[in-house]
1. Surrounded by 14 or more Cβ atoms within 10 Å (Cβ to Cβ), among the aromatic types (Phe, Trp, Tyr) and out of contact with any His (no Cβ under 7 Å at 6 or more places or on another chain): does that describe Phe300?
2. Residues to consider are Ala248, Ala195; find the one that is surrounded by fewer than 22 Cβ atoms within 10 Å (Cβ to Cβ) and either farther than 18 Å from Leu77 by Cβ or touching an Asp or Glu at 6+ places or on another chain (Cβ under 6 Å) (or both).
3. When only residues in region 149-163 that are in a loop (DSSP other than H, G, I, E, B) and either without any contact (Cβ under 8 Å) to a residue 12 or more places away in the chain or over 32 Å from the mean Cα position of the chain (by Cα) (or both) count, which is nearest to Gly177 (Cα to Cα)?
4. So, Leu324, is that one touching a Leu at 6+ places or on another chain (Cβ under 8 Å), crowded, with 17+ Cβ neighbours inside 10 Å, assigned by TED's automatic domain parsing to the domain that holds Asp260 and in a helix (DSSP H, G or I) or not?
5. Among (1) more than 17 Å from Gly21 (Cα to Cα); (2) hydrophobic (A, V, I, L, M, F, W, C); (3) assigned by TED's automatic domain parsing to the domain that holds Ile34, where does Val510 come up short?
6. Against the definition (crowded, with 20+ Cβ neighbours inside 10 Å and basic (Lys, Arg)), how does Arg382 come out, yes or no?
7. Is it true that some residue in region 525-538 is among the aromatic types (Phe, Trp, Tyr) and in contact with a Pro (Cβ under 6 Å, 6 or more places away or on another chain)?
8. Within region 108-133, can you find the residues that are in a loop (DSSP other than H, G, I, E, B) and touching a residue at least 40 places away in the same chain (Cβ under 8 Å)?
Amino acid sequence: MPPTPVSDLLFRGGRVFLAAGAFAEAVLVRDGRIAAVGTESDVVRLAALGHEVVDLDGALLTPAFTDAHIHPVLAGLERARCDLSAVYGLPDYLERVTAYAGSHPGRAWIEGGGWDMSAFPGGLPHRSQLDVVDRPVYLIQRDHHAAWVNTRALELAGITRDTPDPADGRIERDPDGTPSGVLHEGAMDLVGLLAPRPTPGDLHEALLSAQEHLFSLGVTGWQDAIIGSYAGCEDPLPTYLSAAASGALRARVVGALWWDRTRGAEQIPELLERRRSAEGLERFRATSVKIMQDGIAENFTAAVIEPYCRCGGTGLSYVEPALLGGYVAELDRHGFQVHVHAIGERAVREALDAFEGTDPANRHHIAHLQIIEPSDVPRFARLGVTANLQPLWATHHAQMDELTIPFLGEERSGWQYPFADLLRAGTRFCAGSDWPVSVADPIQGMHVAVNRTEPGGSVHADYPTAQTPFLPGQSLDLATALTAYTAGSAWINHDDDAGSIVPGNRADLVVLDRDPFTEPAADIWRTRVAMTFVDGQEVYRR
């Protein structure tokens, strides 16, 4: 069981961000809840004798962050394997892979991930580059929509020039038809399912490692965007159920149950049973359903209306649009929230069409939203659909400038990440990281939402145009971005007593090391979390 919180805890000496740009001077916490908010002189009078003081020393106290789209168990596994996310470029990737292989001689497979498409000509590495390792290698791309494998892995999977592409994926090939070593989308399973499976102990440790990391970033709640088996990854549902039942899970989590795109409405009774399996747990609920409607723009699987420039094709709609609306309507009738992955403008439109007539009380949302055709922007507010933002991608990084804009064309490139347009149209926001696709730090996401430039320390920060604002007219102010990561994401998780600092709410709080509202916007990324509290109990101190 978690420790008993200090009875009275007084935060003073700085500013308090309440929600939506409102501030106070002090907060009193009692028995894990917000007891009082206001001026320091008023709040101090209410504190019991012997209360503990947290001196903000001029910095900012905020509600704790909730990540509305994240994959912590997967991220925890990748951190324990061959992790390429902190380096960039083929030489550094190969150095990491060979070092990992040398230090793990007993591993039958070399697994990991985090490589970036933009590090390779045309976005495509090659199997031969990994043949320096004498064992099968399976490395998931940073976006988790492709895998890079070596010749040995292809041989073990029996993948040859005669192997057909699966319906929901593509095998990249050399000019003579030989598989080149990149497997897109559903083709990842052709190799990924052969790799050794993580044990329940591995998954438990991955979750706890991820939770510790997220607490260090001020994240005390999240929505796990895939609770099911996807791209060779294990279903994390048993891990969450066990951790929640034992008390090891301190964060509050909503699981988005994976919609199997090879099946239809016949899977809904199974989803209902999976939801029931979490009933009665305080820290975990399986009340959302995740539908992946398309892929990503960089490999041309994002569903677009007009064909991609240079290469043609309009991407993939993983769920037949004519059927999607019926599935969403039935899930809505059962009280599920529906969480849709949509990157291309056609996928966004298909998702909005499916949400017509649904109950806004279920708090449906669409994540990623890279491209939105302008006439669809007002539909979010009209339908009561929340925009789930992943701001970190809205910059002039290499993947954007070299692998996206040239294939979208000038007009459609200008429709990307239209945060300000959505805000002006009255859209409700939540926000997330998609970690391990991107770093998990909400502060870095806020920096991009405000500046539309790469934050310092990013692997792309030194790219020639990384500090040139990307569509700067779509920037948000810091209060709006911070509210999306706090009140907005707590709301999407139906955590209605979190996300804002008001009396009666849970004391899930974050102390920053400065007040970013008083510093230049270009320096938001420098902000760090100093302390994190769950129910008034300290779970992290820098």
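1. Taking the combined requirement at face value, the residue satisfies it.
2. That would be Ala195, the only listed residue that is surrounded by fewer than 22 Cβ atoms within 10 Å (Cβ to Cβ) and either farther than 18 Å from Leu77 by Cβ or touching an Asp or Glu at 6+ places or on another chain (Cβ under 6 Å) (or both).
3. Among residues in region 149-163 that are in a loop (DSSP other than H, G, I, E, B) and either without any contact (Cβ under 8 Å) to a residue 12 or more places away in the chain or over 32 Å from the mean Cα position of the chain (by Cα) (or both), the one nearest to Gly177 (Cα to Cα) is Arg161.
4. Criteria not met by Leu324.
5. In the conditions (1) more than 17 Å from Gly21 (Cα to Cα); (2) hydrophobic (A, V, I, L, M, F, W, C); (3) assigned by TED's automatic domain parsing to the domain that holds Ile34, Val510 misses (1) alone.
6. Spelling it out, it is not the case that Arg382 is crowded, with 20+ Cβ neighbours inside 10 Å and basic (Lys, Arg).
7. yes
8. Ala108, Trp109, Asp116, Leu124, Pro125, His126
The values are calculated or read from the model by the stated rules, or taken from the named source; none is laboratory data. What you see is a predicted model; the values in this text were computed from it and never measured. Every residue, glycine among them, receives a Cβ derived from its backbone with ideal geometry; neighbour counts consider all protein chains shown.
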